[in-house]
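So the structure is just underneath, and the comments pick up after that.
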Amino acid sequence: MRNPVGGHVPVAGGLAKVGLGYARELAAETVQVFVANPRGWATPAGNPAQDELFRSECAADAVPAYVHAPYLINFGSHTEATVERSVLSLRHSLRRAREIGALGVVVHTGSATGGRPREVALAQVRTHMLPLLDELTHDDDPFLLLESTAGQGSSLCSRTWDFGPYFEAMDSHPKLGICLDTCHIYAAGHDLAGPSGMRQTLDLLVGTVGEGRLKLIHANDSKDVVGAHKDRHENIGAGHIGAEPFAELFSHPATEGVPLIIETPGGKEGHAADVARLKELRDTR
Ligand SMILES: [Zn+2]
């Protein structure tokens, strides 16, 4: 299969029992989960039985799994407590990812708060995030996947070329990768819906970080127009990006073998329809 297609699944009630049950109802070929409250700092222990079931069922069905780290994480914050909590929270997500057999942990690239220059914030990201990458020494450790934002406020990374200084700050660590969110990159100003827009954007990304760094795609349409800097996801084909750019995505060499995760509205039915829609675009290209 060129690109597994799946979704972010709820896990309250059991990682395997609820999460993989939901995934089956979507006919998902890949899954993404939270291992902590995404809007909190808690670092809960897992349930060993559910962890083992999740790991073995994903392996048996060849379903690549990913963890999304909490939203509060910001390594560029001017608040010391936020940076300290970010370290603990991301380390927790990375450890939990290994425990459940996930291939990658998605983390937002953060912003330079407190009116500080971007270079100062990036230097701080290096100081606190690079050691976490150096801790990934086991064979089955996940990749750390940077997800750029829609470009609100003093975002450290929203356009494709912003990954350049970020990767430089991380010494292009071998465990570092990218999660491309189509809604975010469109909102940041890359017109995926324009002529060859998807191809050009992927070309720019590869030109900035090199081949093999794109490890995951968050496939979301956008409720807002290009460059709106708004992070409002829409169902595939129902937003301003439209369906065609996703068909284009499936034929770009940079996306070969890269899983697609939807994070769209509409509950279970909406999610199932989006997964089906993407598979159709993939299989009829
Ligand atoms: Zn996303």
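The values are calculated or read from the model by the stated rules, or taken from the named source; none is laboratory data. Just so it is clear, the model here is predicted, and its values are computed rather than measured. As a convention, Cβ positions derive from the backbone with ideal geometry for all residues, glycine included, and neighbour counts pool all protein chains shown.
Summed over the stretch 173-198, residues that are closer than 15 Å to Thr109 by Cα and more than 16 Å from the ligand (Cβ to nearest atom) total 1.
Scanning the stretch 267-285 for residues that are within 16 Å of the ligand (Cβ to nearest atom) and touching a helix residue (DSSP H, G or I) at 6+ places or on another chain (Cβ under 7 Å) yields His271, Val275, Leu278. For the stretch 254-280, a tally of residues being over 19 Å from the mean Cα position of the chain (by Cα) and without any contact (Cβ under 8 Å) to a residue 40 or more places away in the chain returns 6. I want to confirm something. Restricting to the stretch 29-42 and keeping residues that are touching a helix residue (DSSP H, G or I) at 6+ places or on another chain (Cβ under 6 Å) and surrounded by 18 or more Cβ atoms within 10 Å (Cβ to Cβ), which single residue is farthest from Ser89 (Cα to Cα)? Residue satisfying both the conditions and the ranking: Val31.
Which residues, taken from the stretch 224-252, are at positive phi, in contact with a helix residue (DSSP H, G or I) (Cβ under 8 Å, 6 or more places away or on another chain) and of a type in the set (Gly, Ala, Ser)? Within the stretch 224-252, Gly227, Gly237 meet the criteria.
Residue-wise test of (1) part of a loop (DSSP other than H, G, I, E, B); (2) within 17 Å of Ala69 (Cα to Cα).
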site	(1), (2)
Gly153	yes, no
Ser158	yes, no
Phe163	no, no
Phe167	no, no
Asp171	yes, no
Gly177	no, yes
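Pairing residues of the stretch 8-36 that are over 20 Å from Ala276 (Cα atoms) with residues that are of a type in the set (Lys, Arg) and at pLDDT 95 or above, at Cβ distances under 8 Å and at least 6 apart in sequence or on separate chains, gives Val35/Arg96; Ala36/Arg96.
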